[in-house]
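Quick notes on the structure that follows.
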Amino acid sequence: MLLTVFLLLVMPESVRARLKSAIGGLFLPAIGISTTSHAALQSLGQLGVSEPDPFPTNQALGQETKLRPTVHELQLDNARLAEENKRLREALEWEQRIPWETKLVRVVGRDSFNWWRRIKINLGTNKEVRLNQPVISVRGELVGRISEVGPLTSWVLLVGDPNCRFSALLKESRSQGGIVSPRQYSADPRVVELTYLPNDVEVRPGQAVVTSGLGGGFPKEIPVGLVVDSWISKDGLYTEARVKLHANLNQLETVRVLTKF
Amino acid sequence: MIGAYLIVFLQSHWQGPRLWLGFQPDLTPALLVCAGLTLGAGQVSTAAMLTGLWLDSLSANPLGLSVLPLFIAGWAVFSFRELILREELVAQFYLGTAAGAAVPLLQVWLLQLVGSNPLLGWQMGVWCLVNALLCGVAVPVFYRLAKLLDRWFSHPPHDPNRWPNENRQIVRGKN
(Lines give C-alpha, C1' and ligand atoms only; values in the text may rest on other atoms or scores of the structure.)
Protein backbone atom coordinates (compact mmCIF):
# COMPACT_ATOMS: atom_id res chain seq x y z
CA MET A 1 0.00 0.00 0.00
CA LEU A 2 2.69 2.47 1.08
CA LEU A 3 4.83 1.51 -1.91
CA THR A 4 1.94 2.12 -4.32
CA VAL A 5 1.25 5.54 -2.81
CA PHE A 6 4.94 6.39 -2.94
CA LEU A 7 5.18 5.30 -6.60
CA LEU A 8 2.09 7.32 -7.49
CA LEU A 9 3.50 10.43 -5.85
CA VAL A 10 6.95 10.20 -7.44
CA MET A 11 5.94 9.17 -10.97
CA PRO A 12 6.43 11.74 -13.77
CA GLU A 13 3.78 14.46 -14.00
CA SER A 14 2.67 13.48 -17.52
CA VAL A 15 2.12 9.82 -16.58
CA ARG A 16 0.30 10.86 -13.42
CA ALA A 17 -1.97 13.21 -15.39
CA ARG A 18 -2.83 10.45 -17.85
CA LEU A 19 -3.54 7.99 -15.05
CA LYS A 20 -5.65 10.58 -13.27
CA SER A 21 -7.64 11.23 -16.44
CA ALA A 22 -8.16 7.48 -16.92
CA ILE A 23 -9.39 6.98 -13.35
CA GLY A 24 -11.60 10.07 -13.62
CA GLY A 25 -13.04 8.54 -16.79
CA LEU A 26 -14.62 5.82 -14.65
CA PHE A 27 -17.16 8.45 -13.60
CA LEU A 28 -18.27 9.21 -17.18
CA PRO A 29 -21.11 6.61 -17.12
CA ALA A 30 -22.38 8.10 -13.86
CA ILE A 31 -22.21 11.62 -15.34
CA GLY A 32 -24.11 10.36 -18.40
CA ILE A 33 -26.81 8.69 -16.28
CA SER A 34 -27.13 11.78 -14.07
CA THR A 35 -27.41 14.14 -17.07
CA THR A 36 -29.94 11.93 -18.87
CA SER A 37 -32.10 11.45 -15.78
CA HIS A 38 -32.00 15.21 -15.09
CA ALA A 39 -33.16 15.92 -18.66
CA ALA A 40 -35.85 13.22 -18.38
CA LEU A 41 -37.13 14.72 -15.11
CA GLN A 42 -37.28 18.15 -16.70
CA SER A 43 -39.25 16.86 -19.69
CA LEU A 44 -41.60 15.00 -17.29
CA GLY A 45 -42.15 18.27 -15.45
CA GLN A 46 -43.10 19.94 -18.70
CA LEU A 47 -45.53 17.12 -19.48
CA GLY A 48 -47.37 17.91 -16.27
CA VAL A 49 -48.22 21.42 -17.51
CA SER A 50 -51.49 20.99 -19.41
CA GLU A 51 -52.90 23.25 -22.10
CA PRO A 52 -56.02 25.29 -21.15
CA ASP A 53 -59.28 23.56 -21.97
CA PRO A 54 -60.68 25.01 -25.27
CA PHE A 55 -64.28 24.09 -24.31
CA PRO A 56 -64.67 24.99 -20.63
CA THR A 57 -67.73 23.60 -18.90
CA ASN A 58 -70.27 25.87 -17.21
CA GLN A 59 -68.87 24.94 -13.81
CA ALA A 60 -65.36 25.82 -14.89
CA LEU A 61 -66.63 29.07 -16.40
CA GLY A 62 -68.16 29.92 -13.02
CA GLN A 63 -64.78 29.50 -11.36
CA GLU A 64 -62.92 31.41 -14.04
CA THR A 65 -63.05 34.75 -12.23
CA LYS A 66 -61.17 33.20 -9.30
CA LEU A 67 -58.43 31.77 -11.54
CA ARG A 68 -57.92 34.91 -13.61
CA PRO A 69 -54.68 36.66 -12.64
CA THR A 70 -54.94 40.15 -11.20
CA VAL A 71 -53.51 43.22 -12.92
CA HIS A 72 -50.74 43.36 -10.31
CA GLU A 73 -49.72 39.74 -11.04
CA LEU A 74 -49.69 40.46 -14.77
CA GLN A 75 -47.55 43.56 -14.19
CA LEU A 76 -45.07 41.49 -12.16
CA ASP A 77 -44.98 38.86 -14.90
CA ASN A 78 -44.47 41.53 -17.50
CA ALA A 79 -41.60 43.09 -15.56
CA ARG A 80 -39.94 39.69 -15.14
CA LEU A 81 -40.25 38.89 -18.84
CA ALA A 82 -38.96 42.34 -19.82
CA GLU A 83 -35.94 41.85 -17.54
CA GLU A 84 -35.27 38.40 -19.02
CA ASN A 85 -35.65 39.76 -22.53
CA LYS A 86 -33.21 42.59 -21.77
CA ARG A 87 -30.68 40.14 -20.31
CA LEU A 88 -30.91 37.80 -23.31
CA ARG A 89 -30.68 40.75 -25.73
CA GLU A 90 -27.58 42.01 -23.93
CA ALA A 91 -26.01 38.55 -24.05
CA LEU A 92 -26.75 38.28 -27.78
CA GLU A 93 -25.42 41.77 -28.50
CA TRP A 94 -22.34 41.03 -26.42
CA GLU A 95 -21.74 37.83 -28.38
CA GLN A 96 -22.00 39.71 -31.70
CA ARG A 97 -19.73 42.49 -30.44
CA ILE A 98 -16.81 40.43 -29.12
CA PRO A 99 -13.93 39.67 -31.47
CA TRP A 100 -13.35 36.19 -30.04
CA GLU A 101 -14.74 32.79 -30.94
CA THR A 102 -16.43 31.06 -28.03
CA LYS A 103 -17.90 27.65 -27.25
CA LEU A 104 -20.80 27.32 -24.85
CA VAL A 105 -20.17 24.45 -22.41
CA ARG A 106 -22.03 22.95 -19.47
CA VAL A 107 -20.57 22.61 -15.97
CA VAL A 108 -20.82 18.94 -14.95
CA GLY A 109 -18.82 18.84 -11.71
CA ARG A 110 -16.60 20.54 -9.16
CA ASP A 111 -13.43 19.71 -7.31
CA SER A 112 -14.23 17.34 -4.42
CA PHE A 113 -12.09 19.34 -1.99
CA ASN A 114 -12.91 22.78 -0.63
CA TRP A 115 -9.31 24.00 -0.72
CA TRP A 116 -9.24 23.97 -4.56
CA ARG A 117 -11.51 25.97 -6.84
CA ARG A 118 -12.09 24.09 -10.06
CA ILE A 119 -15.06 23.09 -12.19
CA LYS A 120 -15.45 20.32 -14.70
CA ILE A 121 -16.94 21.05 -18.14
CA ASN A 122 -18.45 18.65 -20.64
CA LEU A 123 -16.04 19.24 -23.53
CA GLY A 124 -12.51 17.99 -24.06
CA THR A 125 -10.03 17.42 -26.84
CA ASN A 126 -12.91 15.95 -28.92
CA LYS A 127 -14.25 19.51 -29.35
CA GLU A 128 -10.87 21.24 -29.65
CA VAL A 129 -10.66 22.46 -26.08
CA ARG A 130 -7.00 23.24 -25.32
CA LEU A 131 -4.93 23.84 -22.22
CA ASN A 132 -4.93 27.42 -20.81
CA GLN A 133 -7.85 28.65 -22.92
CA PRO A 134 -9.71 31.42 -21.04
CA VAL A 135 -13.19 30.69 -19.69
CA ILE A 136 -15.83 33.38 -19.19
CA SER A 137 -19.40 33.38 -17.92
CA VAL A 138 -22.37 33.61 -20.29
CA ARG A 139 -22.45 37.37 -19.61
CA GLY A 140 -18.76 37.73 -20.45
CA GLU A 141 -17.21 37.98 -16.96
CA LEU A 142 -13.94 36.22 -16.26
CA VAL A 143 -14.30 32.75 -14.71
CA GLY A 144 -10.89 31.09 -15.12
CA ARG A 145 -8.79 29.05 -17.51
CA ILE A 146 -8.58 25.45 -18.70
CA SER A 147 -6.10 23.57 -16.52
CA GLU A 148 -6.56 19.92 -17.54
CA VAL A 149 -7.98 18.51 -20.75
CA GLY A 150 -9.34 15.00 -21.12
CA PRO A 151 -10.85 13.37 -24.19
CA LEU A 152 -14.46 14.16 -23.20
CA THR A 153 -14.23 16.53 -20.23
CA SER A 154 -11.89 19.29 -19.01
CA TRP A 155 -11.11 21.03 -15.73
CA VAL A 156 -11.31 24.81 -15.37
CA LEU A 157 -9.18 26.56 -12.76
CA LEU A 158 -11.40 29.28 -11.27
CA VAL A 159 -10.25 32.81 -10.45
CA GLY A 160 -9.38 32.70 -6.75
CA ASP A 161 -7.67 29.30 -6.84
CA PRO A 162 -4.09 29.51 -5.47
CA ASN A 163 -2.81 28.33 -8.88
CA CYS A 164 -4.72 30.92 -10.95
CA ARG A 165 -2.77 34.20 -11.00
CA PHE A 166 -2.89 36.77 -13.79
CA SER A 167 -2.31 40.40 -14.57
CA ALA A 168 -5.20 42.84 -14.22
CA LEU A 169 -5.69 46.59 -14.19
CA LEU A 170 -7.98 49.22 -12.73
CA LYS A 171 -10.14 50.27 -15.67
CA GLU A 172 -10.27 53.93 -14.66
CA SER A 173 -6.62 54.67 -13.85
CA ARG A 174 -5.08 51.88 -16.02
CA SER A 175 -2.82 50.90 -13.08
CA GLN A 176 -1.62 47.33 -13.34
CA GLY A 177 -1.50 44.72 -10.63
CA GLY A 178 -1.88 40.99 -10.19
CA ILE A 179 -4.98 39.02 -9.23
CA VAL A 180 -4.16 36.38 -6.62
CA SER A 181 -6.23 34.10 -4.40
CA PRO A 182 -7.37 35.49 -1.04
CA ARG A 183 -4.85 35.03 1.76
CA GLN A 184 -7.28 32.91 3.72
CA TYR A 185 -9.96 30.45 2.67
CA SER A 186 -13.34 32.13 2.52
CA ALA A 187 -16.74 30.53 2.07
CA ASP A 188 -17.51 33.31 -0.42
CA PRO A 189 -15.62 32.33 -3.58
CA ARG A 190 -16.25 35.74 -5.19
CA VAL A 191 -13.58 37.59 -3.18
CA VAL A 192 -9.99 37.73 -4.53
CA GLU A 193 -7.07 40.12 -4.05
CA LEU A 194 -5.47 42.58 -6.44
CA THR A 195 -1.88 43.14 -5.42
CA TYR A 196 1.30 44.95 -6.57
CA LEU A 197 -0.56 48.18 -7.36
CA PRO A 198 1.62 51.33 -7.23
CA ASN A 199 1.26 53.36 -4.03
CA ASP A 200 0.56 56.64 -5.84
CA VAL A 201 -2.67 55.36 -7.39
CA GLU A 202 -5.98 56.20 -5.77
CA VAL A 203 -7.92 52.98 -5.27
CA ARG A 204 -11.59 53.55 -4.45
CA PRO A 205 -14.35 51.03 -3.68
CA GLY A 206 -16.47 50.37 -6.73
CA GLN A 207 -13.69 50.79 -9.29
CA ALA A 208 -13.84 48.25 -12.11
CA VAL A 209 -11.04 45.71 -12.59
CA VAL A 210 -10.41 44.16 -16.01
CA THR A 211 -7.78 41.82 -17.46
CA SER A 212 -4.68 43.60 -18.76
CA GLY A 213 -3.80 41.15 -21.52
CA LEU A 214 -0.20 40.97 -20.29
CA GLY A 215 1.36 37.54 -20.55
CA GLY A 216 -1.07 36.47 -23.26
CA GLY A 217 -3.06 34.19 -20.99
CA PHE A 218 -6.23 36.24 -21.18
CA PRO A 219 -7.33 38.78 -23.79
CA LYS A 220 -7.47 42.42 -22.75
CA GLU A 221 -10.51 44.09 -21.12
CA ILE A 222 -12.43 41.06 -19.85
CA PRO A 223 -14.42 42.32 -16.80
CA VAL A 224 -13.12 40.75 -13.58
CA GLY A 225 -14.88 42.53 -10.70
CA LEU A 226 -15.19 45.62 -8.52
CA VAL A 227 -12.85 46.91 -5.80
CA VAL A 228 -14.27 46.44 -2.28
CA ASP A 229 -11.50 48.03 -0.18
CA SER A 230 -7.75 48.67 -0.30
CA TRP A 231 -4.72 49.00 1.97
CA ILE A 232 -0.97 49.54 1.82
CA SER A 233 1.03 46.30 2.03
CA LYS A 234 2.86 45.47 5.29
CA ASP A 235 6.25 46.43 3.87
CA GLY A 236 4.77 49.64 2.41
CA LEU A 237 6.03 48.94 -1.09
CA TYR A 238 2.70 48.57 -2.91
CA THR A 239 -1.06 48.81 -2.53
CA GLU A 240 -3.38 45.84 -2.28
CA ALA A 241 -7.13 45.69 -2.81
CA ARG A 242 -9.94 43.24 -2.26
CA VAL A 243 -11.97 42.60 -5.40
CA LYS A 244 -15.44 41.13 -5.61
CA LEU A 245 -15.76 39.08 -8.80
CA HIS A 246 -18.63 39.75 -11.19
CA ALA A 247 -19.13 36.04 -11.92
CA ASN A 248 -20.91 34.05 -9.22
CA LEU A 249 -18.55 31.07 -9.11
CA ASN A 250 -20.82 29.04 -6.83
CA GLN A 251 -23.70 29.02 -9.28
CA LEU A 252 -22.11 28.40 -12.65
CA GLU A 253 -24.19 26.16 -14.90
CA THR A 254 -22.96 27.13 -18.35
CA VAL A 255 -19.76 28.94 -19.31
CA ARG A 256 -17.98 29.94 -22.50
CA VAL A 257 -14.53 28.77 -23.54
CA LEU A 258 -12.62 31.26 -25.70
CA THR A 259 -11.31 29.10 -28.52
CA LYS A 260 -9.81 31.94 -30.62
CA PHE A 261 -8.76 35.27 -29.11
CA MET B 1 -17.18 -0.23 -3.33
CA ILE B 2 -20.43 0.92 -4.93
CA GLY B 3 -21.06 3.10 -1.88
CA ALA B 4 -17.60 4.68 -2.16
CA TYR B 5 -18.10 5.25 -5.89
CA LEU B 6 -21.45 6.92 -5.31
CA ILE B 7 -20.18 9.11 -2.46
CA VAL B 8 -17.18 10.31 -4.46
CA PHE B 9 -19.40 10.97 -7.50
CA LEU B 10 -21.98 12.89 -5.46
CA GLN B 11 -19.29 14.95 -3.73
CA SER B 12 -18.08 16.15 -7.09
CA HIS B 13 -21.28 16.37 -9.09
CA TRP B 14 -24.08 17.24 -6.63
CA GLN B 15 -23.95 20.92 -5.80
CA GLY B 16 -26.81 20.98 -3.24
CA PRO B 17 -24.65 20.87 -0.07
CA ARG B 18 -22.28 23.50 -1.44
CA LEU B 19 -25.19 25.88 -2.00
CA TRP B 20 -26.87 25.18 1.36
CA LEU B 21 -23.83 24.88 3.64
CA GLY B 22 -21.27 26.92 1.71
CA PHE B 23 -18.92 23.94 1.45
CA GLN B 24 -18.86 20.38 0.18
CA PRO B 25 -18.90 17.76 2.96
CA ASP B 26 -16.50 14.82 2.64
CA LEU B 27 -18.07 11.63 3.99
CA THR B 28 -15.37 9.22 2.80
CA PRO B 29 -13.72 9.04 6.30
CA ALA B 30 -17.09 7.81 7.66
CA LEU B 31 -17.20 5.17 4.95
CA LEU B 32 -13.71 3.93 5.85
CA VAL B 33 -14.61 3.81 9.57
CA CYS B 34 -17.62 1.71 8.64
CA ALA B 35 -15.40 -0.53 6.49
CA GLY B 36 -12.97 -0.89 9.41
CA LEU B 37 -15.83 -1.93 11.71
CA THR B 38 -17.38 -4.51 9.40
CA LEU B 39 -14.93 -5.74 6.73
CA GLY B 40 -11.67 -7.69 6.61
CA ALA B 41 -8.11 -6.35 6.30
CA GLY B 42 -7.90 -6.77 2.52
CA GLN B 43 -11.25 -5.16 1.95
CA VAL B 44 -10.36 -2.17 4.15
CA SER B 45 -7.10 -1.66 2.23
CA THR B 46 -8.88 -1.95 -1.14
CA ALA B 47 -11.59 0.46 -0.02
CA ALA B 48 -8.97 3.02 1.08
CA MET B 49 -7.02 2.60 -2.13
CA LEU B 50 -9.97 2.93 -4.51
CA THR B 51 -11.72 5.71 -2.58
CA GLY B 52 -8.50 7.72 -2.36
CA LEU B 53 -7.70 7.30 -6.04
CA TRP B 54 -11.26 8.19 -7.09
CA LEU B 55 -11.26 11.26 -4.85
CA ASP B 56 -7.91 12.49 -6.17
CA SER B 57 -8.89 11.85 -9.79
CA LEU B 58 -11.74 14.35 -9.34
CA SER B 59 -9.62 17.01 -7.64
CA ALA B 60 -6.41 18.97 -8.01
CA ASN B 61 -4.72 16.86 -5.31
CA PRO B 62 -1.72 14.82 -6.51
CA LEU B 63 -2.94 11.33 -7.41
CA GLY B 64 -2.64 8.95 -4.43
CA LEU B 65 -2.43 11.62 -1.76
CA SER B 66 -5.80 10.81 -0.15
CA VAL B 67 -5.10 7.07 0.00
CA LEU B 68 -2.85 7.20 3.05
CA PRO B 69 -5.11 9.28 5.36
CA LEU B 70 -8.12 7.12 4.50
CA PHE B 71 -6.10 3.94 4.97
CA ILE B 72 -4.88 5.12 8.39
CA ALA B 73 -8.46 5.89 9.48
CA GLY B 74 -9.81 2.54 8.25
CA TRP B 75 -6.87 0.50 9.52
CA ALA B 76 -6.87 2.11 12.98
CA VAL B 77 -10.52 1.22 13.47
CA PHE B 78 -9.97 -2.28 12.05
CA SER B 79 -7.01 -2.94 14.39
CA PHE B 80 -8.86 -1.96 17.56
CA ARG B 81 -12.39 -3.03 16.67
CA GLU B 82 -12.38 -5.94 19.12
CA LEU B 83 -11.79 -3.42 21.92
CA ILE B 84 -14.48 -1.02 20.71
CA LEU B 85 -18.16 -1.30 21.54
CA ARG B 86 -18.82 -1.20 17.83
CA GLU B 87 -22.54 -1.85 18.02
CA GLU B 88 -23.01 1.24 20.21
CA LEU B 89 -24.31 4.37 18.50
CA VAL B 90 -22.16 6.67 20.66
CA ALA B 91 -18.97 4.77 19.88
CA GLN B 92 -19.74 4.92 16.17
CA PHE B 93 -20.42 8.67 16.40
CA TYR B 94 -17.12 9.34 18.20
CA LEU B 95 -15.16 7.21 15.73
CA GLY B 96 -16.74 9.00 12.76
CA THR B 97 -16.10 12.43 14.29
CA ALA B 98 -12.46 11.63 15.03
CA ALA B 99 -11.88 10.26 11.52
CA GLY B 100 -13.77 13.17 9.93
CA ALA B 101 -11.46 15.63 11.69
CA ALA B 102 -8.21 13.69 11.28
CA VAL B 103 -8.42 12.77 7.59
CA PRO B 104 -8.66 16.36 6.18
CA LEU B 105 -5.88 17.48 8.53
CA LEU B 106 -3.66 14.64 7.31
CA GLN B 107 -4.53 15.47 3.71
CA VAL B 108 -3.57 19.14 4.19
CA TRP B 109 -0.35 18.14 5.96
CA LEU B 110 0.57 15.78 3.09
CA LEU B 111 -0.33 18.47 0.52
CA GLN B 112 2.07 20.89 2.16
CA LEU B 113 4.66 18.14 2.37
CA VAL B 114 4.56 17.59 -1.41
CA GLY B 115 4.76 21.34 -2.06
CA SER B 116 1.16 22.10 -3.01
CA ASN B 117 -0.40 25.34 -1.87
CA PRO B 118 -4.03 24.76 -0.85
CA LEU B 119 -6.37 27.57 0.19
CA LEU B 120 -6.47 27.51 4.00
CA GLY B 121 -7.77 29.72 6.82
CA TRP B 122 -9.84 29.78 9.99
CA GLN B 123 -13.05 29.21 7.99
CA MET B 124 -11.49 25.95 6.83
CA GLY B 125 -11.23 25.01 10.54
CA VAL B 126 -14.97 25.58 10.93
CA TRP B 127 -15.57 23.45 7.84
CA CYS B 128 -13.36 20.71 9.31
CA LEU B 129 -15.37 20.77 12.56
CA VAL B 130 -18.77 20.65 10.85
CA ASN B 131 -17.52 17.95 8.48
CA ALA B 132 -16.30 15.89 11.46
CA LEU B 133 -19.77 16.07 13.04
CA LEU B 134 -21.39 15.08 9.74
CA CYS B 135 -19.05 12.09 9.52
CA GLY B 136 -20.00 11.21 13.12
CA VAL B 137 -23.66 11.15 12.13
CA ALA B 138 -22.94 9.27 8.89
CA VAL B 139 -21.10 6.30 10.50
CA PRO B 140 -24.18 4.82 12.29
CA VAL B 141 -26.23 5.33 9.12
CA PHE B 142 -23.63 3.60 6.93
CA TYR B 143 -23.17 0.84 9.53
CA ARG B 144 -26.89 0.03 9.62
CA LEU B 145 -27.10 0.21 5.84
CA ALA B 146 -24.15 -2.19 5.55
CA LYS B 147 -25.81 -4.63 7.99
CA LEU B 148 -29.06 -4.44 6.04
CA LEU B 149 -27.34 -5.10 2.71
CA ASP B 150 -25.37 -7.93 4.28
CA ARG B 151 -28.62 -9.52 5.50
CA TRP B 152 -30.19 -9.19 2.06
CA PHE B 153 -27.36 -10.38 -0.12
CA SER B 154 -25.28 -12.86 1.91
CA HIS B 155 -26.12 -16.48 2.70
CA PRO B 156 -27.09 -17.11 6.35
CA PRO B 157 -24.47 -19.08 8.35
CA HIS B 158 -25.07 -22.80 8.67
CA ASP B 159 -26.67 -23.88 11.93
CA PRO B 160 -27.10 -27.67 12.21
CA ASN B 161 -29.72 -27.31 14.94
CA ARG B 162 -32.00 -25.07 12.87
CA TRP B 163 -34.29 -26.50 10.20
CA PRO B 164 -34.50 -24.14 7.19
CA ASN B 165 -38.28 -23.91 7.34
CA GLU B 166 -40.27 -25.08 10.36
CA ASN B 167 -43.39 -25.79 8.25
CA ARG B 168 -41.59 -28.29 6.05
CA GLN B 169 -40.17 -30.35 8.91
CA ILE B 170 -41.74 -33.78 9.25
CA VAL B 171 -41.86 -34.61 12.91
CA ARG B 172 -42.02 -38.33 13.42
CA GLY B 173 -43.33 -39.84 16.59
CA LYS B 174 -46.35 -41.40 18.22
CA ASN B 175 -48.06 -38.03 18.83
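Structure notes:
Residue by residue, here is whether (1) modelled with pLDDT of 85 or more; (2) touching a helix residue (DSSP H, G or I) at 6+ places or on another chain (Cβ under 9 Å) holds:
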{"position": "A:G215", "(1), (2)": "no, no"}
{"position": "A:F218", "(1), (2)": "yes, no"}
{"position": "A:E221", "(1), (2)": "yes, no"}
{"position": "A:V228", "(1), (2)": "yes, no"}
{"position": "A:D235", "(1), (2)": "yes, no"}
{"position": "A:T239", "(1), (2)": "yes, no"}
{"position": "A:H246", "(1), (2)": "yes, no"}
{"position": "A:N250", "(1), (2)": "no, yes"}
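- B:G36 passes every criterion in (1) part of a helix (DSSP H, G or I); (2) within 13 Å of chain A (Cβ to nearest Cβ); (3) out of contact with any Leu (no Cβ under 6 Å at 6 or more places or on another chain) apart from (2).
- Scanning segment A:238-249 for residues that are under 16 Å from A:V143 (Cα atoms) and surrounded by 15 or more Cβ atoms within 10 Å (Cβ to Cβ) returns A:V243, A:K244, A:L245, A:H246, A:A247, A:L249.
- When residues in segment A:146-156 are screened for being under 24 Å from A:P99 (Cβ atoms) and crowded, with 23+ Cβ neighbours inside 10 Å, 2 of them pass.
- Listed conditions (1) in a helix (DSSP H, G or I); (2) within 12 Å of another protein chain (Cβ to nearest Cβ); (3) among the hydrophobic types (A, V, I, L, M, F, W, C) are all met by B:L65, apart from (1).
- Figure legend. Inter-residue proximity from segment A:27-40: first residues outside the structural domain of A:N122 (by TED's automatic domain parsing), second residues surrounded by 12 or more Cβ atoms within 10 Å (Cβ to Cβ), beta-carbon distance below 7 Å, spacing 6+ or different chains. Indicated pairs: A:F27/B:F9; A:F27/B:L58; A:L28/A:L152; A:A30/B:F9; A:I31/A:V108; A:I31/B:H13; A:S34/B:H13.
- Filter pass, B:L58 being within 11 Å of another protein chain (Cβ to nearest Cβ), hydrophobic (A, V, I, L, M, F, W, C), in contact (Cβ under 8 Å) with a residue 12 or more places away in the chain and out of contact with any strand residue (DSSP E or B) (no Cβ under 8 Å at 6 or more places or on another chain): no
- Being more than 30 Å from B:V108 (Cβ to Cβ), in a loop (DSSP other than H, G, I, E, B), more than 16 Å from the chain's Cα centre (by Cα) and not aliphatic (A, V, I, L, M) holds for only one residue in A:P182, A:P99, A:P162, and it is A:P99.
The values are calculated or read from the model by the stated rules, or taken from the named source; none is laboratory data. Fair warning: this is a prediction, and the values are worked out from it, not measured in the lab. Cβ: placed from backbone, ideal geometry, glycine included. Neighbour counts: every protein chain shown.
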